[in-house]
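Participant: Please see the structure below; I have some questions.
The values are calculated or read from the model by the stated rules, or taken from the named source; none is laboratory data. Because the structure is a prediction, the values reported are computed rather than measured. When we count neighbours, we look across all protein chains shown, and the Cβ atoms used for this are built from the backbone with ideal geometry, even at glycine. Areas reflect the complete protein model, heavy atoms only, side chains present, ligands, DNA and RNA absent. Shrake-Rupley method; radii C 1.70, N 1.55, O 1.52, S 1.80 Å.
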Amino acid sequence: MCGIVGLHLREPSLEPRLGELLTAMLGQVVERGPDSAGVAVYGDPRLSPPGRAVVSLLGVTPTEAEAALPGAVAVAADATTVVHGDTDLLTAIQAALPHATVIGSGIDMAVLKGTGNPVELADAFGLSTVTGWQGVGHTRMATESAVTPEGAHPFSVGPGQCLVHNGSFANHATIRRELRARGVEFDSENDSEVGARFIAHQLEQGAELEKALRLLCERFDGFYTLLVSTGDSFAVVRDAIACKPALVAETDAWVAMASEYRALDVLPGIEHARIFEPEPEEVYVWRR
Amino acid sequence: MATLIDLAETPVRDLNQALHEAPVASWRVLNPRGAHAVACGIRGNFTVDIEGHVGYYCAGMNQQATVTVHGNAGTGVAENMMSGTVRVRGNASQSAGATAHGGLLVIDGDASARCGISMKGVDIVVGGSVGHMSAFMGQAGRLVVCGDAGDALGDSLYEARIYVRGTVKSLGADCVEKEMSAEHLAELAELLKAAERDEDPADFRRYGSARQLYHFKVDNTTAY
């Protein structure tokens, strides 16, 4: 199974409510993925202050991080430590904290992951008080690899990029080998990470997000509904069979995507939203 | 006067229990808010009006009752229905009417992928369009589509009859267009009437099984 929720706000007056709305949405897809969860939030001033580089980490405590990184500020969120600092923060972390796992980096985005009940995790993340312009969330029912914070979604492997996945890729081992041969490094044996690395690789080579997702459809076998976000975009794509559910709802104030309608029903103005199921192998992108 | 049940206050399990135990003439269900399994496994000559969008498997296994969803329905609405009528005023998600043996399922809007998958005798009338692989492995019953059909319509079809008014993106394996005789026009007119639709049966085309997949062909032995 696995549950996906995502919210891209168009109406700035809703930004103070991003975390509250995302928490409510996540709470509706717990049964789809009760073993772990993760979220990515864009634009929260506490986690990602303007002008600061932000790196989300597993395997280090905030105290350790601040001691190893002069001038950096670390915030704890369950298993995750979110650090913000100068523009060269990621390089500094790789040098000073080589044992830490980077689960997200960018200038505007924090990634929070953990294992356990998604509602309890949202509470541990302090998600309901988070603000910002975009957020994605995932509840995981593990099929391909172990239940660990590293294996939870979102997979964020490029600057400001996130991928959440419902489904399973069949040919991920082949594509992982090909990407490794091109110098791409992997953190896990997880199939969804391969999708995220593939997209990040295409974007790095200069592809637009639409093109990267179309290439993913051509190259990947298996079942997938994907929600992909970047520093300015929110995108949805499904495989040709489209058996993994997806619903999009859109109003003048927001665009939202979820695995099930009940997660959209919590949003303000849902009664007037345009609601539709994304067509198979069609790439949908909304930009800020 | 309908018996009112508000799902904002009453759990779905209690609603279904009430529908199973004391089937009064009419029920009205408020605030479904995408809940799964609303009005599942009910049996009896009564009506249930659901005021809003429902989640998965609404009115699944229905026998005799008339269930109306005044909104959209999630995956598998009226799956395995035996008899009665289920009507969705909005759109339905994938696998609407899956494996249903009898009764009438009407979807006023669109139905997405695999509408009528493995249908076993149900009649389905869709006012809008259907997604890919609709009537996949359909064994009996009729599927009427007033709009368009997606890819691979009627793939691996056994004996269900399919009527489509608009375009068919592609036909699935062993599904072919068939002649529309007076008998078919008459049955289609009856189905449209039952669904309270005013389309002209003459505007539809009929599709069915070419019956080429029924028996294994010895020439294909080497293919496996």
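Participant: What is the sum of charges around A:LEU14, taking Lys and Arg as +1, Asp and Glu as -1, for the other residues whose C-beta is under 15 Å from the C-beta of A:LEU14? Mind showing how you got there, number by number?
Facilitator: Working: positive: A:ARG10, A:ARG17, A:ARG288; negative: A:GLU11, A:GLU15, A:GLU20, A:ASP44, A:GLU250, A:ASP252.
Summing Lys/Arg as +1 and Asp/Glu as -1 gives -3.
Participant: Measure up A:LYS244/B:LYS178; A:LYS244/B:LYS169; A:LYS244/B:LYS217 against 25 Å on the Cα-Cα distance and list the ones that go over. Mind showing how you got there, number by number?
Facilitator: Working: A:LYS244/B:LYS178 33 Å; A:LYS244/B:LYS169 22 Å; A:LYS244/B:LYS217 35 Å.
From A:LYS244/B:LYS178; A:LYS244/B:LYS169; A:LYS244/B:LYS217, over 25 Å: A:LYS244/B:LYS178; A:LYS244/B:LYS217.
Participant: Rounded to the nearest 500, what is chain B's calculated 222 nm mean residue ellipticity when only DSSP H runs of at least 4 contribute -39500 (n - 2.57) each, over all residues? Kindly include the intermediate steps, with their values, before the conclusion.
Facilitator: Working: 2 runs with 23 residues, N = 224.
That calculation yields -3000 deg cm²/dmol at 222 nm.
Participant: With solvent modelled as a 1.4 Å probe, how much accessible area in total do chains B and A shield from it at their shared surface, in Å² to the nearest 100? Walk me through the numbers on the way to the answer.
Facilitator: Numbers: alone 10280 and 11280 Å², together 20530 Å².
Roughly 1000 Å² of accessible surface disappears when B and A pair.
Participant: Restricting to DSSP H runs of at least four residues, report the calculated mean residue ellipticity at 222 nm for chain A, -39500 (n - 2.57) per run over all residues, nearest 500 deg cm²/dmol.
Facilitator: Working: 8 runs with 72 residues, N = 288.
Helices in chain A give a 222 nm mean residue ellipticity of -7000 deg cm²/dmol.
Participant: Would you tally the net charge around A:LEU264, using a Cβ to Cβ cut-off of less than 13 Å, leaving A:LEU264 out, and scoring K and R as +1, D and E as -1? Present the calculation step by step, with values, prior to reporting the outcome.
Facilitator: Details: positive: A:ARG262, A:ARG274, B:ARG33; negative: A:GLU250, A:GLU260, A:ASP265, A:GLU271, A:GLU277.
With Lys, Arg at +1 and Asp, Glu at -1, the net is -2.
Participant: Sequence gap at least 6, Cα distance under 8 Å: using those rules, report the relative contact order of chain A to the nearest whole percent.
Facilitator: Working: 722 pairs, mean separation 67.9, N = 288.
Rounded, it is 24 percent for chain A.
Participant: Rounded to whole Å, give me the distance from the Cα center of segment A:236-269 to that of segment B:1-78.
Facilitator: Result: 23 Å between the Cα centres.
Participant: Measure nothing but the geometry: give the 0 to 90° angle between the long axis through the Cα atoms of B:182-194 and the longest principal axis through the Cα atoms of chain B, rounded to 10°.
Facilitator: Orientation of helix B:182-194: about 20 degrees from the principal axis.
Participant: Cα axis of helix B:12-21 to longest principal axis of chain B: angle in degrees, 0 to 90, nearest 10?
Facilitator: The angle comes out near 90 degrees.
Participant: Amide H to amide H, which residues 5 or more places from B:ARG114 or on other chains are under 5 Å from it, using H placed in the peptide plane?
Facilitator: Under 5 Å from the amide H of B:ARG114 lie the amide H atoms of B:SER95, B:GLY131, B:HIS132, B:MET133, B:SER134, each far enough along the sequence or on another chain.
Participant: So, one more: Taking only protein heavy atoms into account and a 1.4 Å probe, give the accessible area per residue of the protein assembly as shown in Å². Walk me through the intermediate numbers first.
Facilitator: Values: 20530 Å² over 512 residues.
Solvent-accessible surface per residue comes out at 40 Å².
Participant: Quick check: net charge around A:SER233, other residues with Cβ under 14 Å of its Cβ, Lys/Arg +1 and Asp/Glu -1? The partial results should precede the final answer.
Facilitator: Working: positive: A:ARG10, A:LYS211, A:ARG287, A:ARG288; negative: A:ASP108, A:GLU208, A:GLU210, A:ASP232.
Summing Lys and Arg as +1 and Asp and Glu as -1 gives 0.
Participant: Could you run the Karplus curve 6.51 cos²θ - 1.76 cosθ + 1.60 with θ = phi - 60° over segment B:162-173 and give me ³J(HN,Hα) per residue in whole Hz, x for Gly and Pro?
Facilitator: For segment B:162-173, the Karplus curve yields 10, 10, 10, 8, x, 8, 10, 4, 7, 9, x, 4 Hz.
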